[in-house]
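I have placed the structure first, in the form of structure tokens, so that the comments after it can refer back to it.
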Amino acid sequence: MAEYESIHGTRVRYLTSDPTLDSTTEGQVWYNSTTGTNKTLVQIKATLSSGSLSTARAGLAAGGSSPQTVGIVFGGTSAYPNTDTNATEEYNGFNWANGGNLNLARTYMAGFGTQTAAVGAGGYDHGNGDKSEVEEYNGSTWSEVTDLPGNQRSQGAAGTQTAGLVFGGDPAPIRTQSLEYDGTNWTSSGTLNTGRKYLAGCGIQTLALAVGGSVGTPVRSAATEEYNGSSWTSGNSFTEGRSALACFGVQTHAVIAGGADPSIVNSIEEYDGTNWTTSPATLATARRYTSGFGSGTAGVIAGGSKPAVANETEEYNSSINAITQSAWSSGGSASSSARNRALGGTQTAAFMSGGYNGANSQTRATEEYNGSSWTSGGDLSPQGNPDGGTYSGAACGTQTAGLFSGGSSQGSTDYYFNVSYEYDGSSWGSPATWTAPGLNGIQLFGTQTAAVNAGGSRPGQPLDRNYEYDGSSWTTGTTLPEGKRSGGQSGILTAGVIFGGSNPGLSPSSPSSTFHYDGTNWTAGGTMNFGSNGGQSATASSTDTISYQGSDGSSDTGRSQLYNGTAWAIDATAATVTSSLRSGAGTSGAALSAGGSPNAVQEYEGGTEVVTASTLTTS
């Protein structure tokens with residue numbers, strides 16, 4: 001048996017501890033004398049299930065130049081044998097949202113471009129046959145543009161909206177043609193060496209890749225061809241011939257997945273510009289007539305036929321990092337089904353107080369959470385109203401040093417409270433009052449002894465008020481640049497942030513603005529991807545927080561957004577969509593959602609990327 005040195009020309013390094021695990025040590029092998037193990041750092045190749053398409057479909061097209069986290073698919077067959085769809089869906093790295101519909105529903109289109117600049121060309125209309133129509137997408141709507149020179153379907157495609165390429169396809173005889181698109185006109189170019197239909201493509205117009213396809217029933221091709229901007233050159237074939245497959249990446253680093261050979265397959269192969277290798281990762285759902293987008297190290301496979309139409313989405317990652325996606329899961333059930341309850345603390349040490357039980361009925365009850373179950377805590381003190389209880393207040397601080405502020409009640413008289421209470425883990429102290437008026441829906445952040453109470457709501461009153469708390473009394477602070485109620489909040493008195501919320505005087509009703517507070521002044525922050533009204537947020541930091549649940553102005557979403565102090569990024573969606581929430585608990589990596597309607601407690605765990613060296617074993 002050959003030794004490592006004779007193969008690689010170097011000896012295995014003898015180390016007392018592992019070296020720095022980063023790209024500089026990728027592919028290296030060493031012996032760790034402390035643990036007595038041979039180790040190596042190699043790429044981890046894996047697929048992860050992600051959010052399902054709203055419309056299950058096969059024969060769909062994609063904007064193949066899109067990155068993994070900002071993709072688009074459109075068209076396809078939503079039900080066999082002949083139900084074409086015009087639906088467009090946009091991917092945010094976790095879930096799909098509906099985009100503007102195609103003008104013409106069809107299947108087996110050539111698709112290329114990005115989420116905000118896509119092209120759908122040709123295709124098959126089950127009621128009217130092959131089509132030559134071409135449409136462009138601008139991020140919201142599709143517009144008809146210059147037709148293809150003739151009806152065609154099942155082509156491969158590559159490139160961008162202003163520099164695209166389609167090749168091969170049907171109808172018979174199977175085509176070898178290539179057509180370049182400059183954003184306005186189509187021009188004939190070099191022909192494929194092997195004519196194919198149901199093939200796939202990726203790359204850019206001047207460095208494209210054509211892979212697989214069918215050269216005639218039932219022959220599946222394993223051919224690879226590379227395009228240089230004028231002509232095609234045959235490359236090495238891949239391992240498993242297939243048609244109706246997904247392809248993404250560039251000419252020097254591409255990935256193919258799924259397809260039929262003729263049975264439906266789940267295998268994945270990678271191309272390095274010369275050779276194909278079979279990936280150890282496979283699709284969880286074998287499928288054909290699927291689509292893909294992304295890069296050779298981070299791609300997406302969506303939809304297809306299994307043979308029933310599929311809505312599954314899988315991400316393919318090839319990295320030295322082991323990737324775990326962020327996700328929501330169910331937590332321990334709360335005792336009370338009241339909504340609009342104020343939540344504070346952390347994911348494993350939270351408190352939740354007040355709440356609305358229905359007309360003229362609210363509670364003063366407090367519950368405490370230990371990460372798995374809820375127990376009763378001390379009731380809020382009576383607030384001077386004959387009906388007792390409060391709802392739509394806000395909370396901040398910790399389970400043993402918490403603060404509750406604001407809120408309202410309904411009864412023989414409606415009350416709006418301008419008081420706060422401190423919690424020591426078992427009971428609430430005497431109220432501290434700020435300057436009238438009382439408010440509900442306030443944004444509250446900070447600690448028990450240094451907090452900010454901003455915005456809020458009361459009929460006929462402005463929403464831009466701001467008060468600061470020093471542990472005993474409230475003083476007036478700088479007013480908000482824009483009135484807000486029922487928004488998100490995070491941070492401390494001298495480094496806080498509020499975002500989202502609503503203001504009836506603004507359009508839309510759930511503004512997406514963000515404002516930072518430095519203890520004196522407010523400044524504008526990053527714009528949210530969508531406004532969030534009546535949701536919750538982590539309370540730990542103004543530069544590392546998460547906003548979750550809430551309404552986008554038209555419906556409750558369950559969606560999350562992460563904020564790094566500058567920009568917002570869309571994140572995982574909760575399993576149960578919940579409304580009527582107030583304040584929040586936890587951090588951007590471990591958040592808690594509770595106190596809304598329905599009575600669902602959900603825990604969030606942030607995604608991770610960890611570099612781990614593999615231990616080599618003998619067999």
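A quick yes/no check of all residues on (1) of a type in the set (D, E, K, R); (2) farther than 30 Å from Gln549 by Cα; (3) buried (at least 20 other Cβ atoms within 10 Å of the Cβ):
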{"residue": "Gly235", "(1), (2), (3)": "no, yes, no"}
{"residue": "Thr239", "(1), (2), (3)": "no, yes, no"}
{"residue": "Cys247", "(1), (2), (3)": "no, yes, yes"}
{"residue": "Phe293", "(1), (2), (3)": "no, no, yes"}
{"residue": "Ile301", "(1), (2), (3)": "no, no, yes"}
{"residue": "Thr313", "(1), (2), (3)": "no, no, yes"}
{"residue": "Ala327", "(1), (2), (3)": "no, no, no"}
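With respect to (1) surrounded by 21 or more Cβ atoms within 10 Å (Cβ to Cβ); (2) outside the structural domain of Gln461 (by TED's automatic domain parsing); (3) under 21 Å from Gly535 (Cβ atoms), the lone exception for Leu439 is condition (2). Would a scan of the range 43-62 turn up a residue that is modelled with pLDDT under 95, within 19 Å of Asn128 (Cβ to Cβ) and of a type outside the set (D, E, K, R)? Within the range 43-62 (the criterion being modelled with pLDDT under 95, within 19 Å of Asn128 (Cβ to Cβ) and of a type outside the set (D, E, K, R)), the answer is no, since none of the residues qualifies.
A quick yes/no check of all residues on (1) buried (at least 19 other Cβ atoms within 10 Å of the Cβ); (2) in a loop (DSSP other than H, G, I, E, B); (3) of a type in the set (Ser, Thr, Tyr):
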residue: Gly411; (1), (2), (3): no, yes, no
residue: Gly446; (1), (2), (3): yes, no, no
residue: Val452; (1), (2), (3): yes, no, no
residue: Pro459; (1), (2), (3): no, yes, no
residue: Gly483; (1), (2), (3): yes, yes, no
residue: Gly491; (1), (2), (3): yes, no, no
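Filtered by the rule that a residue be under 15 Å from Ala394 (Cβ atoms) and not in a loop (DSSP other than H, G, I, E, B), the range 461-481 gives Asn466, Tyr467, Glu468, Tyr469, Trp474.
Take the residues in the range 157-196 that are in a strand (DSSP E or B) and aliphatic (A, V, I, L, M); name whichever of them is farthest from Gly113 (Cα to Cα). Here the residue is Leu179.
Residues checked against (1) crowded, with 21+ Cβ neighbours inside 10 Å; (2) hydrophobic (A, V, I, L, M, F, W, C):
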{"residue": "Arg153", "(1), (2)": "yes, no"}
{"residue": "Ala158", "(1), (2)": "yes, yes"}
{"residue": "Leu165", "(1), (2)": "yes, yes"}
{"residue": "Gly169", "(1), (2)": "yes, no"}
{"residue": "Leu179", "(1), (2)": "yes, yes"}
{"residue": "Trp186", "(1), (2)": "no, yes"}
{"residue": "Ser189", "(1), (2)": "no, no"}
{"residue": "Gln205", "(1), (2)": "no, no"}
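Of the residues making up the range 326-351, those that are within 13 Å of Thr576 (Cβ to Cβ) and among the polar types (S, T, N, Q) are Ser329, Ser330, Ser333.
Can you tell me which residue in the range 140-156 is farthest from Ala97 (Cα to Cα), limited to those that are in a loop (DSSP other than H, G, I, E, B) and in contact (Cβ under 8 Å) with a residue 40 or more places away in the chain?
To start, the set of residues in the range 140-156 that are in a loop (DSSP other than H, G, I, E, B) comprises 140-141, 146-151, 154-155.
Adding the requirement that they be in contact (Cβ under 8 Å) with a residue 40 or more places away in the chain leaves 140-141, 146, 154-155.
On the way: Ser140: 11, Thr141: 14, Thr146: 28, Ser154: 26, Gln155: 26 Å.
So the residue we want is Thr146.
Have a look at Ser305, Ser234 and point out the one that is more than 12 Å from Tyr316 (Cα to Cα), among the polar types (S, T, N, Q) and either in contact with a His (Cβ under 7 Å, 6 or more places away or on another chain) or in contact (Cβ under 8 Å) with a residue 60 or more places away in the chain (or both).
Numbers: Ser234 fails: either in contact with a His (Cβ under 7 Å, 6 or more places away or on another chain) or in contact (Cβ under 8 Å) with a residue 60 or more places away in the chain (or both).
Every option except Ser305 fails the conditions.
Against the conditions (1) over 18 Å from the mean Cα position of the chain (by Cα); (2) modelled with pLDDT of 95 or more, Ser580 satisfies every one except (2). Taking the range 197-252 as the search range and keeping residues that are assigned to a loop (DSSP other than H, G, I, E, B) and among the aromatic types (Phe, Trp, Tyr), which one is nearest to Glu270 (Cα to Cα)? The residue in question is Phe238.
Tally time: how many residues in the range 206-219 are more than 16 Å from Thr176 (Cα to Cα) and under 35 Å from the mean Cα position of the chain (by Cα)?
Within the range 206-219, residues that are more than 16 Å from Thr176 (Cα to Cα) and under 35 Å from the mean Cα position of the chain (by Cα) number 2.
Within this structure, Ser49 passes the test of being surrounded by fewer than 24 Cβ atoms within 10 Å (Cβ to Cβ) and either assigned by TED's automatic domain parsing to the domain that holds Gln28 or closer than 30 Å to Asp22 by Cα (or both).
Within the group Ala310, Ala395, Ala298, which residue is within 26 Å of Thr55 (Cβ to Cβ) and modelled with pLDDT of 95 or more? Answer to the check: Ala310.
Residue by residue, here is whether (1) in contact (Cβ under 8 Å) with a residue 24 or more places away in the chain; (2) closer than 14 Å to Tyr563 by Cβ; (3) aliphatic (A, V, I, L, M); (4) in the same structural domain as Ser405 (by TED's automatic domain parsing) holds:
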position: Leu444; (1), (2), (3), (4): yes, no, yes, yes
position: Thr478; (1), (2), (3), (4): yes, no, no, yes
position: Gly487; (1), (2), (3), (4): yes, yes, no, yes
position: Ile492; (1), (2), (3), (4): yes, no, yes, yes
position: Ile498; (1), (2), (3), (4): yes, yes, yes, yes
position: Ser502; (1), (2), (3), (4): yes, no, no, yes
position: Ala524; (1), (2), (3), (4): yes, yes, yes, yes
position: Gln536; (1), (2), (3), (4): yes, yes, no, yes
position: Thr539; (1), (2), (3), (4): yes, yes, no, yes
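For the range 25-37, state whether one or more residues are on the phi > 0 side of the Ramachandran plot, out of contact with any Gly (no Cβ under 6 Å at 6 or more places or on another chain), modelled with pLDDT under 80 and surrounded by fewer than 13 Cβ atoms within 10 Å (Cβ to Cβ). Looking for residues that are on the phi > 0 side of the Ramachandran plot, out of contact with any Gly (no Cβ under 6 Å at 6 or more places or on another chain), modelled with pLDDT under 80 and surrounded by fewer than 13 Cβ atoms within 10 Å (Cβ to Cβ), one finds at least one in the range 25-37, hence yes. Screening Tyr563 on (1) more than 14 Å from the chain's Cα centre (by Cα); (2) in the same structural domain as Phe445 (by TED's automatic domain parsing); (3) of a type outside the set (S, T, N, Q) shows it passes everything except condition (1). As a summary of the residue check, Gly129 satisfies the conditions (1) at pLDDT 95 or above; (2) in contact with a strand residue (DSSP E or B) (Cβ under 8 Å, 6 or more places away or on another chain) except for the one numbered (2). One residue is enough: does the range 140-147 have a residue meeting the conditions in the same structural domain as Asp170 (by TED's automatic domain parsing), exposed (fewer than 15 other Cβ atoms within 10 Å of the Cβ) and touching a Ser or Thr at 6+ places or on another chain (Cβ under 7 Å)? Yes, because at least one residue in the range 140-147 is in the same structural domain as Asp170 (by TED's automatic domain parsing), exposed (fewer than 15 other Cβ atoms within 10 Å of the Cβ) and touching a Ser or Thr at 6+ places or on another chain (Cβ under 7 Å).
Filtering the range 118-141 to residues that are under 14 Å from Ala61 (Cα atoms) and not acidic (Asp, Glu) leaves Ala118, Val119, Gly120, Ala121, Gly122, Gly123, Tyr124, Val134, Tyr137. Residues in the range 191-201 that are in contact with a strand residue (DSSP E or B) (Cβ under 6 Å, 6 or more places away or on another chain) and surrounded by fewer than 18 Cβ atoms within 10 Å (Cβ to Cβ): Asn193 alone.
Residue count for the range 324-367 satisfying the condition of being in contact with a strand residue (DSSP E or B) (Cβ under 8 Å, 6 or more places away or on another chain), farther than 19 Å from Gln448 by Cα and part of a strand (DSSP E or B): 8.
The values are calculated or read from the model by the stated rules, or taken from the named source; none is laboratory data. This structure is a prediction, so every number in the text was calculated from the model and none was measured. Please note: Cβ atoms are built from the backbone with ideal geometry, for glycine as well, and neighbour counts cover all protein chains shown.
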